[in-house]
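Asks: Have a look at this one before I ask anything.
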Amino acid sequence: MTSLGELLKKAISKFTSSTVVDEKTINELIRDLQRSLLIGDVNVELVQKISENVRKRALEEKIPPGLSRKDQVIKIVYEEFVKLLGEEPAKLQIPRDRRYVLMMVGIQGFGKTTSIAKLAYYLKKNDYSVGVICADTYRPGACDQLTQLLAETKIPVYRSDGEKDPINIVKKGLEKLSQEGVKVFLIDTAGRHKSQETLMEEIRMLQKEIKPDEVMLVLDAGIGQQAGAHAKAFHEAAPIGSIFLTKMDTSAKGGGALSAIAVTKAKIKFLGTGEKIDDIELFNPSGYVGRLLGLGDIEGLIERFRLAELEMDKERMEAIVRGEFTLEQFVKQLKDLRKAGPFSKLLSKLPLPNIPQIPDEALKDAEKKIKKWDAIISSMTTEERVDTHILNSSRIKRIARGAGVSERDVKELIKQYRLAKKFMKSVKRLPKKMLPYT
Ligand SMILES: Nc1nc2c(ncn2[C@@H]2O[C@H](COP(=O)(O)OP(=O)(O)OP(=O)(O)O)[C@@H](O)[C@H]2O)c(=O)[nH]1
Ligand SMILES: [Mg+2]
């Protein structure tokens, strides 16, 4: 069966190879992405959310000069996937000043034992006092494997070969290793068992008795859509807090992780990139999505957007300072300002000592008014937004009704807009150093 990763890549490459990009091709891309995600068992709500965000942004966002609509759609798809995986690179989030117990769970052969060793080594290199407990009583040689992997690291491994009860092993291990000064405990659990049910029961009991600070699910990047079901089963036994995605070096960069994330709401923390003990990477969502979607130089594309948008902002600011702005830009400007903090605070920072007349009304209560004004703008035609002079009383009536506000509200917005324009024009005549935007 085709993996989610392959399906997504196919959808993207079909889109990028189309000669025209219009609403139809965008909708087609969204449909293809939806279909792929659903086949990949990503839950419906999440699929809906991603596709709605992509559609909305693709239709609404301005394309900066020098960039194509195709570039823009790719960027949006990329950003929405990154958002899903956690925008920031993963953080370790393991405290240094208290005991911390991390339990690793996962299906047999996915790489639990290997990943425990990698994580232990990684933590040691980061100056944590770390120890490992082997609580896998099923796999023959499981503890030997762990001991061997860590042989050269001087990381203590607790094992109790006579003991068959993993809970007892962990309890004793915590005690013994604590005495040796260990603060961070990594528990390796069984992956093979009599049956799936008995395995889950064991994990459930460990969760109940040990109450680890973090349960990390190990997933093989190659397993594709079953990942969701695996994650669900483990999540029900012990709430999954993070994911270690293994075999990124050999798999088709599986999208199964997306399903697992959807089910558990946990984020990927680490990637395994080989069999050696230092083949471990802290997870970086942007790199992962780039690989998953088969996007070549996505970093380069994002950078080109960033520069072009900066340029657009600069031009917009300059136009505003010249008093050239539309009604829509006026409201957007107020919204941007609001993001920067309350108006009064912002105004007090501006170097505007003896300026003729700040249109006080435009700013007073603006925060309350902006919502109304936004609604007013939305019920205007494009023509009306660009040229307020065409707003006669019948148009005003229609707009007010559409926005659910009074006609007075509409008139006030127009008045404030004109005042602001006049104001900016008067500011323009002042010495340059007094301009707020330079
Ligand atoms: N290429 C590659 N191989 C890996 C990676 N992680 C684990 N492996 C290999 O996968 C195989 C299984 O790994 P284990 O760590 O034994 O898996 P496990 O989950 O502990 O398995 P059980 O103990 O049987 O439940 C081993 O051959 C590992 O070397 C990885 O990131 N890349
Ligand atoms: Mg193992």
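The values are calculated or read from the model by the stated rules, or taken from the named source; none is laboratory data. All of these numbers come straight from a predicted model, not from anything done at the bench. When we count neighbours, we look across all protein chains shown, and the Cβ atoms used for this are built from the backbone with ideal geometry, even at glycine.
Asks: In segment 123-152, what count of residues is obtained for those that are within 16 Å of ligand 1 (Cβ to nearest atom) and touching a residue at least 12 places away in the same chain (Cβ under 8 Å)?
Replies: Qualifying residue count for the region: 15.
Asks: Checking the conditions here, which among Thr250, Thr246 is of a type in the set (Ser, Thr, Tyr) and away from ligand 2 (no atom under 16 Å from the Cβ)?
Replies: Only one candidate passes the filter, namely Thr250.
Asks: Further, regarding this structure: Do we have Lys125 as more than 16 Å from ligand 2 (Cβ to nearest atom) and in the same structural domain as Ile240 (by TED's automatic domain parsing) here?
Replies: yes
Asks: Can Ile116 be described as at pLDDT 95 or above, near ligand 1 (Cβ under 8 Å from one of its atoms) and crowded, with 23+ Cβ neighbours inside 10 Å?
Replies: yes
Asks: Restricting attention to helices (runs of 4 or more DSSP H) lying wholly within segment 252-360, give those where 3 or more residues are modelled with pLDDT under 80.
Replies: 256-264, 298-321, 327-339, 343-349
Asks: Follow-up question, since we're still on this one. Go through (1) exposed (fewer than 15 other Cβ atoms within 10 Å of the Cβ); (2) closer than 28 Å to Ala237 by Cα; (3) within 14 Å of ligand 1 (Cβ to nearest atom) one by one and return the number of the condition Gly272 breaks.
Replies: Against the list (1) exposed (fewer than 15 other Cβ atoms within 10 Å of the Cβ); (2) closer than 28 Å to Ala237 by Cα; (3) within 14 Å of ligand 1 (Cβ to nearest atom), Gly272 comes up short only on (1).
Asks: Output the number of residues of segment 149-168 satisfying the condition of being within 20 Å of Gly274 (Cα to Cα) and touching a helix residue (DSSP H, G or I) at 6+ places or on another chain (Cβ under 9 Å). I'd like the intermediate steps shown before the answer.
Replies: The initial filter retains those residues of segment 149-168 that are within 20 Å of Gly274 (Cα to Cα), namely 149-153.
Among the residues that remain, those that are also touching a helix residue (DSSP H, G or I) at 6+ places or on another chain (Cβ under 9 Å) are: 149-150, 153.
Of the residues in that region, 3 qualify.
Asks: Tyr78: in the same structural domain as Glu197 (by TED's automatic domain parsing), of a type in the set (Phe, Trp, Tyr) and surrounded by 16 or more Cβ atoms within 10 Å (Cβ to Cβ), yes or no? Full working, then the answer.
Replies: Numbers: in the same structural domain as Glu197 (by TED's automatic domain parsing): no; of a type in the set (Phe, Trp, Tyr): yes; surrounded by 16 or more Cβ atoms within 10 Å (Cβ to Cβ): yes.
No, not satisfied.
Asks: For Lys24, which of the numbered conditions (1) in a helix (DSSP H, G or I); (2) farther than 24 Å from Gly287 by Cβ; (3) of a type outside the set (Phe, Trp, Tyr); (4) in contact with a helix residue (DSSP H, G or I) (Cβ under 9 Å, 6 or more places away or on another chain) fails to hold?
Replies: With (1) in a helix (DSSP H, G or I); (2) farther than 24 Å from Gly287 by Cβ; (3) of a type outside the set (Phe, Trp, Tyr); (4) in contact with a helix residue (DSSP H, G or I) (Cβ under 9 Å, 6 or more places away or on another chain) applied to Lys24, the lone miss is (4).
Asks: Here is a follow-up. Which condition does Arg192 not pass, out of (1) out of contact with any helix residue (DSSP H, G or I) (no Cβ under 6 Å at 6 or more places or on another chain); (2) farther than 14 Å from Val105 by Cα; (3) within 16 Å of ligand 2 (Cβ to nearest atom), if it passes all the others?
Replies: (2)
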